[in-house]
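Below: one structure, written as structure tokens.
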Amino acid sequence: MAVFNEKVRGQLKDVLKGMINPVTIAFFSQEVECMACREARAFLEEIAGLSDKLTLVVHDLQKDAAEAAALGIDKVPGIALLDAKGAPTRMNFFGIPGGYEINSFLGALLEASGKREALPGDIAARIATIAADVRIQVFISLTCPYCPAAVSAAHRIALESPRVRADMVDSSIFSHLAIKYQVSGVPKTVINETHELVGAQPLGKLLDIIEKL
């Protein structure tokens, strides 16, 4: 059964025509105890089928543990995007990037392909000076219209800096993490386990925190 109807498929195809270079979608699943994995795989298979610049590679979290670790994938369903050279973009998704999050997913695919808007000079300079390892987790709900902006901001920093990894985390699928980080509203951004922001914040706000780490 198709995930998208023909009208939506056409709209998605039009967006993906903007891709410049090929992108690999590395999908991590496991045989048991992943109720959302089958749905996530169907979603990604359909997306990948809409552009000849997209390749979906399916991995098992346990069997491919070394690759998962290298990409920062520590739970399933997990998605990492690799650029045309096969290098990680450090833009990850945990859950199914559907609902409103399809916007951040499509944006990430375009950016991973090399299509991205230039950052303001001061923002680019601040990202270039990041010297510590940073992990950004953005907790979202698929029904939240403000969440994609928060995810995209975190992902852009990760794309620009090899020291940063940014994860979209679906708080309904990973409810134990939502409880751990006391997610009462979304989007909620957690940086290095110690700092947090609520709501969609501009890049500058994220950098304000990162520069204090």
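The values are calculated or read from the model by the stated rules, or taken from the named source; none is laboratory data. All values derive from a computational prediction rather than experimental measurement. FYI the Cβ positions are ideal-geometry reconstructions off the backbone, even for glycines, and counts take in every protein chain you see. These accessible areas exclude ligands, DNA and RNA; they are computed on the full protein's heavy atoms, side chains included. Shrake-Rupley method; radii C 1.70, N 1.55, O 1.52, S 1.80 Å.
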Open item on the list: If you take every DSSP beta bridge fully contained in the chain, what fraction is antiparallel? Give it as a percent rounded to 5.
Closed with: 50
TODO: Please state the charge dipole magnitude for region 38-165, taken about the Cα centre, from unit charges on C-beta atoms (+1 on K and R, -1 on D and E), reported in debye and rounded to the nearest 20.
DONE: 240
Task: Rg(Cα)/(2.2 N^0.38 Å) for region 54-124, N = residue count - done: 1.22
- [ ] Please build a GNM for the chain, connecting alpha carbons under 10 Å apart, and tell me which residue among Met35, Met19, Met168 fluctuates the most.
- [x] Met35
Task: Gyration tensor verdict on region 1-94 (Cα atoms; rounded if a/c is under 1.5, prolate if a/b is larger than b/c, oblate otherwise) - done: oblate
TODO: Give me the number: length gained by fully extending Ala131 to Ala87, i.e. 0.36 nm times residue separation minus the C-alpha to C-alpha distance, one decimal in nm.
DONE: 13.8 nm
Task: 5 angstrom amide H check on Glu196, placed H, neighbours 5+ away - done: Ile191
TODO: Per DSSP H run of at least 4 residues, take -39500 (n - 2.57); add these up for the chain, divide by its residues and hand me the 222 nm value, nearest 500 deg cm²/dmol.
DONE: -10500 deg cm²/dmol
Open item on the list: Of the candidates Ala154, Ala26, Ala70, which one comes out as most mobile in a Gaussian network treatment of the chain with C-alpha springs shorter than 10 Å?
Closed with: Ala70
Open item on the list: Run the Debye formula on the Cα coordinates of region 51-200, all scatterers equal and no solvent, and tell me log10 I(q)/I(0) at q = 0.10, 0.11, 0.14 1/Å.
Closed with: -0.32, -0.40, -0.66
TODO: Please report, in debye to the nearest 20, how large the charge dipole of region 103-196 is about its Cα centre when each Lys and Arg carries +1 at its beta carbon and each Asp and Glu carries -1 there.
DONE: 60
Task: GNM flexibility winner over the chain from Pro148, Pro202, Pro120 (Cα, springs under 10 Å) - done: Pro120
Open item on the list: With a 1.4 Å probe and all protein chains left in place, how much accessible area per residue does the chain have, in Å²?
Closed with: 48
TODO: Provide the gained length on full extension for the span Val3 to Lys205, in nm with one decimal, where the gain is 0.36 nm per separating residue minus the Cα-Cα distance.
DONE: 69.1 nm
Task: Length released on extending from Arg116 to His176, taking residue separation times 0.36 nm less the Cα-Cα span - done: 18.2 nm
